Amino acid sequence: MDTVFVSIFIILAGGTAALFLSSRFVLMQRIMVGATTLGSIAGLHFALTHLLDDGPVATATFAWLHIFDLSFTADSISLFFLLPIFLIPPLALIYSLHYFTDSKKNLRVAVNYFFTAVLIASMPLVVTASNMISFALSWEIMSIASFFLVLFDYQNEEKRKAGYLYLIFVQGGAMFLFAAFALIYRHTGSFDFSAVSSMPDSGKLLVFILALIGFGSKAGLFPLHIWMPSTYSAAPSHLPGIMSGVMAKMGIYGILRIYLLLDAPTSVFGNVVLICGILTGIFGVVYALVRQNIKELLAYSSMENIGIILIGLGIGMLGADEGNQAMAFFGFAGALLHLFNHSVFKSLLFMGAGAIEQQTGTNSIEDLGGLLKKMPVTGKTFLVGSTAISGLPPFAGFISEFLIYYGAFQGVDTHRLSFLLAIFAIISLAVIGGLATAVFTKVMGLTFLGAARTKKVEQAKEVKPSMQWVMILLASVCLFIGLVPAPFIHTAFAGLRDISFVSSYNAQSFLTVVQQISETTMLFVLLILALVMLRQFLYLNKRIRWAGTWGCGFTKPTVRMQYTGASYADDMVNFFKWLTPVTRLYSGITQIFPRRATWHMQSEDTALMNYERALVRPLYSLVYKLRWIQHGNIQLYISYIIVAVIILLVFFL
């Protein structure tokens, strides 16, 4: 564990140095990026070495306030979660070198770097905490630091609202976590996680539900996801890669960890997690389909992928309850691998969205078009990320979803309820994958193909080198995982080493299947490359003429003749209108010589609507009626305090 703490110290030192060097903008950026990269390399080396070498579990304990012990343990699950924690943030900060270009905002950028360092440093502490005090302290540091990152453009009212909404949900989730911890302490009398399994079975279900709500608010489970679209849109574009790709996974870690700690002999946990995953995945991808802002769309896509990960965890839990070792093994392994893959391709996609916004001033699909020629690196890397997140070969998302499918098919011969849930999981994964392909076909087609819809888009240029290099590297990782999946699958399998039920499973036969898939994928890629080279050879020394494409009678097509995001998705959205209310605004043609017609489609988030109707409005009405309490009379304020103290004394004495 010493290496992890050294890594944290180096990263925090870089963030602190950024505050003191705010007046020297370029030097501040270089030191922050250098320190984070150095610390992350050390942490990544520690995680991989201990994960793959099957060494002893690393532990560390510190006294805090001479009352509590802060204890940390790195088992195989913690070590696997350390991989995205130490991989994605340094790349995001390298990207920021040319994303943050306004030296007039030097102090704001310095503060942002400081809280970024705090966020990065807190996440290894979260996944290695071995008692409730350590976990709660690390969790709160992570939540508060990320809140300040969202408020980068604090002068913008909408972004301030996004930050406040995020704070409400993360602190509300923390309340549920603390309630779960309090219940554990009441039954065990210990803050140590190792005592959790000694709880009576009657209290375990309540603890799990409380923890699921608390961790689910961080991960973005439906209907606890409503902070995600506004938050990811408000933060600078390299930060959603950290927040969605890494920080949201702390919620997944918490769900998996509390399940393992409770060690409850019941199928309820797996049923609940699997159903939550199915709902989260389907609602997430449907909401993404109707969004026209790329960052909001990617936020809902994050929700969809959280659903896929939960489906994998649910399958693993069902397999453990049924005594089906293969089902449990591949469900858990698929969830872990998809968690890692998602951190890679979702970071890539958010960085692509940031590049588009920087060069065009907008993230609205309706205002973009033709960017592939203007921004070829951004367009091609975004295409790789889109293919990977859709679960298509030969990219990263395919192999992790294949593992989850494989685990689900292992459950088709289980008991009736588990069989039905496994079938629903398979169908849901198919639906989610198909709709995800439609979502990113829309984004790629309307953003990068066709013609530019505005003058500023026509004048767009490729982003600066540091942003390009990071996107190329992440796209290469997506392709490499798809082509050579075996090392990454081995790593996911190693992450299951300390889960007793599945640790002894022999997956050698599956690895043979993976090898065959890898060879087939390699052959396919080589065939494509051969065709490209053949085309280049055949066109050598030939004169190529450029001419306009036949317009089917339209000699002067305009951008108004192109699909819009709303029209492209209309038929698919109409099929799912029972999941999300859709409003279509059409001006119509009412005159012989009509004026300009308009057509617009908008969809509301069902969860947000219900929160507003059932919670926000009644609460606002109640608070409005209690305004008389705030009257400015200090004598009455003092009397409130005295009365409150008397009531507490009577209640507790």
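Quick one: is LEU337 within 30 Å of THR101 (Cα to Cα) and in contact with a helix residue (DSSP H, G or I) (Cβ under 7 Å, 6 or more places away or on another chain)?
Taking the combined requirement at face value, the residue does not satisfy it.
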(message) Test of understanding: among VAL532, VAL502, VAL463, which residue is out of contact with any strand residue (DSSP E or B) (no Cβ under 7 Å at 6 or more places or on another chain), over 23 Å from ALA333 (Cα atoms), of a type in the set (Val, Ile, Thr) and in a loop (DSSP other than H, G, I, E, B)?
(response) VAL463
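Here's the yes/no breakdown for (1) touching a Ser or Thr at 6+ places or on another chain (Cβ under 9 Å); (2) over 24 Å from VAL126 (Cβ atoms):
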residue: SER217; (1), (2): no, no
residue: LEU261; (1), (2): yes, no
residue: ALA264; (1), (2): yes, no
residue: GLY277; (1), (2): yes, no
residue: TYR287; (1), (2): yes, yes
residue: GLU296; (1), (2): yes, yes
residue: MET303; (1), (2): yes, no
(request) Check ILE94, ILE85, ILE120, ILE77 and return the single one that is crowded, with 17+ Cβ neighbours inside 10 Å, of a type outside the set (Phe, Trp, Tyr), out of contact with any Phe, Trp or Tyr (no Cβ under 9 Å at 6 or more places or on another chain) and in contact (Cβ under 8 Å) with a residue 12 or more places away in the chain. (result) ILE85
(message) Could you list, ordered by first residue, the pairs with Cβ atoms under 6 Å in which the first is in segment 352-369 and under 20 Å from THR381 (Cβ atoms) and in the same structural domain as GLU458 (by TED's automatic domain parsing) and the second is modelled with pLDDT under 85 and of a type in the set (A, V, I, L, M), at least 6 apart or interchain?
(response) GLN359/ALA460; THR360/VAL457; THR360/ALA460; LEU368/VAL457; GLY369/ALA451; GLY369/ALA452
(request) Tell me, please, whether a residue that is modelled with pLDDT of 85 or more and part of a loop (DSSP other than H, G, I, E, B) can be found in segment 543-555. (result) no
(request) Only residues in segment 298-321 that are surrounded by fewer than 24 Cβ atoms within 10 Å (Cβ to Cβ) count as the first member; pair them with residues that are of a type in the set (Gly, Ala, Ser) and part of a helix (DSSP H, G or I), Cβ under 6 angstrom, at least 6 apart or cross-chain, and list the lot. (result) ASP321/GLY270
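This table checks each residue for (1) among the hydroxyl-bearing types (Ser, Thr, Tyr); (2) more than 19 Å from TYR611 (Cα to Cα); (3) crowded, with 23+ Cβ neighbours inside 10 Å.
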{"site": "PHE135", "(1), (2), (3)": "no, yes, yes"}
{"site": "GLY172", "(1), (2), (3)": "no, no, no"}
{"site": "LEU177", "(1), (2), (3)": "no, yes, yes"}
{"site": "LEU183", "(1), (2), (3)": "no, yes, no"}
{"site": "SER190", "(1), (2), (3)": "yes, yes, no"}
{"site": "SER202", "(1), (2), (3)": "yes, yes, no"}
{"site": "GLY214", "(1), (2), (3)": "no, no, yes"}
{"site": "SER217", "(1), (2), (3)": "yes, no, yes"}
{"site": "PRO229", "(1), (2), (3)": "no, no, yes"}
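Which helices (runs of 4 or more DSSP H) does segment 351-429 wholly contain that include 3 or more residues that are modelled with pLDDT of 85 or more and touching a Phe, Trp or Tyr at 6+ places or on another chain (Cβ under 7 Å)?
The qualifying helices (runs of 4 or more DSSP H) are 376-389, 396-409.
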(request) Return the only residue of ASN341, ASN271 being among the polar types (S, T, N, Q) and surrounded by 24 or more Cβ atoms within 10 Å (Cβ to Cβ). (result) ASN341
(message) With closer than 19 Å to GLY334 by Cβ, β-branched (Val, Ile, Thr) and touching a Leu at 6+ places or on another chain (Cβ under 9 Å) as the only criterion, which of ILE427, ILE432, ILE404, ILE423 stands out?
(response) ILE404
(request) Look through LEU496, LEU540, LEU511 and report the one residue that is surrounded by 12 or more Cβ atoms within 10 Å (Cβ to Cβ) and in a loop (DSSP other than H, G, I, E, B). (result) LEU496
(request) Identify all residues within segment 440-490 that are polar (S, T, N, Q) and either modelled with pLDDT under 90 or within 22 Å of VAL525 (Cβ to Cβ) (or both); write none if there are none. (result) THR441, THR447, THR454, GLN459, SER466, SER476
(request) Considering each residue of segment 141-170, count those that are crowded, with 17+ Cβ neighbours inside 10 Å and more than 20 Å from MET228 (Cβ to Cβ), and give that number. (result) 1
(message) I'm told TYR95 meets every condition in (1) within 19 Å of the chain's Cα centre (by Cα); (2) closer than 25 Å to ALA335 by Cβ except one. Can you identify the failing condition by its number?
(response) (2)
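The values are calculated or read from the model by the stated rules, or taken from the named source; none is laboratory data. All figures in this text were calculated on a predicted structure; none of them were measured in a lab. All Cβ positions, even for glycine, are placed from backbone atoms using ideal geometry, and neighbour counts span all protein chains on display.
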